[in-house]
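Heads up: the structure comes next, in structure tokens.
The values are calculated or read from the model by the stated rules, or taken from the named source; none is laboratory data. Not measured: the values here are computed from a predicted model. Neighbour counts run over all protein chains shown; Cβ positions are idealised from the backbone, glycine included.
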Amino acid sequence: MKYKKAFLFNPPVGLYQRGEDRSQGVIDSSSATSLRAPIDLAYTAATVRRIGCEPVIHDYPAESMTWDDFERDLAAFGPDVAIMSITTATLERDMEAFERIKTKYPHILTIAKGAHFFEVDLKTLDLFVHVDYAIRGEADVIIPKLLTALDEKREPSEVLGVIYRNGSGEWAQTDHDPFFDELDTMPFPARDLLKNELYVRPDTGEPQVTIQTARGCPASCVFCLTPTISGKAVRNRSPENIVDEIEECVKVHGLRNFFFRADTFTIDKKWVKALCDEIVARKLDIQWVANSRVDTMSEDRAQWMKRAGCWLVAFGIEAGNEEIQRKIRKGATKDQARNAVRACHKAGLKTYGFYLIGFPWETREEIQETLDLARELSCNFSEVHIAIPYEGTPLHSIASEMGLLDEHAVMGHNYFDSPPVDTVHVPREEIMKMRIQGLKSIYLSPRYIFRTLSGIRSFTELKNYTRYGMRLLKNLRA
């Protein structure tokens, strides 16, 4: 293998959620989000190991490290290939990493991965002269195929899911690689290369591990990247395979807190029960969180999950106006949201509500309905995002057709404090102010403060809630 060493990294340009291509938010601007491990890089590191390539992983923002640290590590390791995880919001700044690599080590192959490349206008890539290849699919599957093809002196045009320069020096792309179905055959992520203590559960401060339990979602939400990056068919790992990985984390790494990453964890009722039963049967004594749609949560699911160690469920509630729910094709109602939150609380599970405002058609009154629902539900944690029309989503086409989206307008923006577009009725500056006012109405209400403080069980929890509370107060003053 020509490519003997792979340098996988998140560049030192700020704390963003990079491990999941559909979630690209800036951590410090969120209300309660904690940084999760770069599971995308850990999976890719594991798959390139299989072809004889030695990987390392560096998460520079998580370690508060600088460009000097980056260059020192690069020189010390001496890689043949560099693989960077990007976000749309940081893309232009991220590319400084490849510029620094190519300036000193032009022989190193540079590969970029991230949701931005799945459906991208190739002309925009002319801005990034130091990229050799970009991946438009599941990087952990495609990158080993690409390195193997190049090692065998085959053309990149033979590898599906790749953006490359053709013989004329122009950008070209191959067809999408079919989504990989045999997830049980994937190696477990290379957690030995991660500093797991950096990625913690927000309340207790204990290390929290990401477990990829499934990929894909059958829903058609206009704002969501999932159908593009993971497909509409749900690809579940077997419960036995998932719990094998959990068991390795417990016994080898001493890790007992988990985020079960799936596009909709609760969508398959039988699978949820089988997984919960497998966890209970092995007596692993773990705690975990998962996400859900409100129309796939029931009292029995909540009870199974609680019995197996779940402590929190996150819901994409999105909108409080039924017409907006119809337009965004979410297919859920306010009553379903109420019932789902109630079912979780009855089972002793905490809830995390996610809401989305700033859709192209939204009025001030419709945005306020969403904020009112968030206050009514009063989940243990709440997050208000501003809709971003990412390339590859129907929302991008809608915003463009409505004349709201300038060319390349999405790059450099995020869904907390830097939205790229107005709605027809509300300018973006007002949308940001409404978001902050909505969060204030939730987090600063006496009911919420009393309930949160009365639920704290240790000094460590008090300290961590205080830390997150101070971050929230700083953001609410913005």
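Brief remarks on what is shown
- Filter result for the condition that a residue is closer than 30 Å to TYR443 by Cα and surrounded by 17 or more Cβ atoms within 10 Å (Cβ to Cβ), over VAL81, VAL13, VAL48: VAL13
- Number of positions in region 237-268 that are small (Gly, Ala, Ser) and within 19 Å of ARG201 (Cα to Cα): 2
- Matching residues, region 146-184, being within 18 Å of LYS2 (Cβ to Cβ) and in a strand (DSSP E or B): VAL162, TYR164
- Residue in region 243-250 that is in contact with a helix residue (DSSP H, G or I) (Cβ under 6 Å, 6 or more places away or on another chain) and assigned by TED's automatic domain parsing to the domain that holds VAL280 present: yes
- If you go through region 49-68 and keep only what is closer than 19 Å to ILE86 by Cα and not in a helix (DSSP H, G or I), you end up with PRO55, VAL56, ILE57, HIS58, ASP59, TYR60, PRO61, ALA62, GLU63, SER64, MET65, THR66.
- Residues of region 349-385 satisfying the condition of being among the β-branched types (Val, Ile, Thr), outside any strand (DSSP E or B) and touching a helix residue (DSSP H, G or I) at 6+ places or on another chain (Cβ under 7 Å): ILE367
- Count - residues of region 386-430 that are assigned to a helix (DSSP H, G or I) and touching a residue at least 40 places away in the same chain (Cβ under 8 Å): 5
- Subset of region 9-24 (residues that are over 14 Å from HIS116 (Cα atoms) and outside any loop (DSSP other than H, G, I, E, B)): PHE9, ASN10, TYR16
- Any chance PHE180 is aromatic (Phe, Trp, Tyr) and either without any contact (Cβ under 8 Å) to a residue 60 or more places away in the chain or touching a Leu at 6+ places or on another chain (Cβ under 6 Å) (or both): yes
- Residues of region 314-331 satisfying the condition of being in contact (Cβ under 8 Å) with a residue 24 or more places away in the chain and either farther than 17 Å from ASP372 by Cα or not in a loop (DSSP other than H, G, I, E, B) (or both): ALA314, PHE315, GLY316, ILE317, GLU318, GLU323, ILE324, LYS327, ILE328, ARG329, LYS330, GLY331
- Hey, THR148 surrounded by 16 or more Cβ atoms within 10 Å (Cβ to Cβ), out of contact with any helix residue (DSSP H, G or I) (no Cβ under 9 Å at 6 or more places or on another chain), modelled with pLDDT under 95 and of a type in the set (Ser, Thr, Tyr) or not: no
- Any hit, region 336-352, residues being surrounded by 23 or more Cβ atoms within 10 Å (Cβ to Cβ) and under 24 Å from VAL426 (Cα atoms): no
- Residue match in region 176-193 (condition: under 20 Å from the mean Cα position of the chain (by Cα), hydrophobic (A, V, I, L, M, F, W, C) and within 30 Å of ASP121 (Cβ to Cβ)): yes
- Candidate set: region 385-415, residues that are within 19 Å of GLU322 (Cα to Cα) and in contact with a Leu (Cβ under 6 Å, 6 or more places away or on another chain); chosen: the one surrounded by the most Cβ atoms within 10 Å (Cβ to Cβ): ALA387
- Some residue of region 217-233 being more than 19 Å from ASP177 (Cα to Cα), more than 19 Å from the chain's Cα centre (by Cα), in the same structural domain as PHE381 (by TED's automatic domain parsing) and not hydrophobic (A, V, I, L, M, F, W, C): no
- Just one residue in the set ILE111, ILE143 is assigned to a strand (DSSP E or B) and buried (at least 21 other Cβ atoms within 10 Å of the Cβ); that residue is ILE111.
- Considering residues of region 443-478 that are part of a helix (DSSP H, G or I) and of a type in the set (D, E, K, R) only, the residue farthest from ALA32 (Cα to Cα): ARG447
- Residue, modelled with the lowest pLDDT, within region 19-44, restricted to residues that are within 18 Å of PRO207 (Cα to Cα) and touching a Pro at 6+ places or on another chain (Cβ under 6 Å): GLY19
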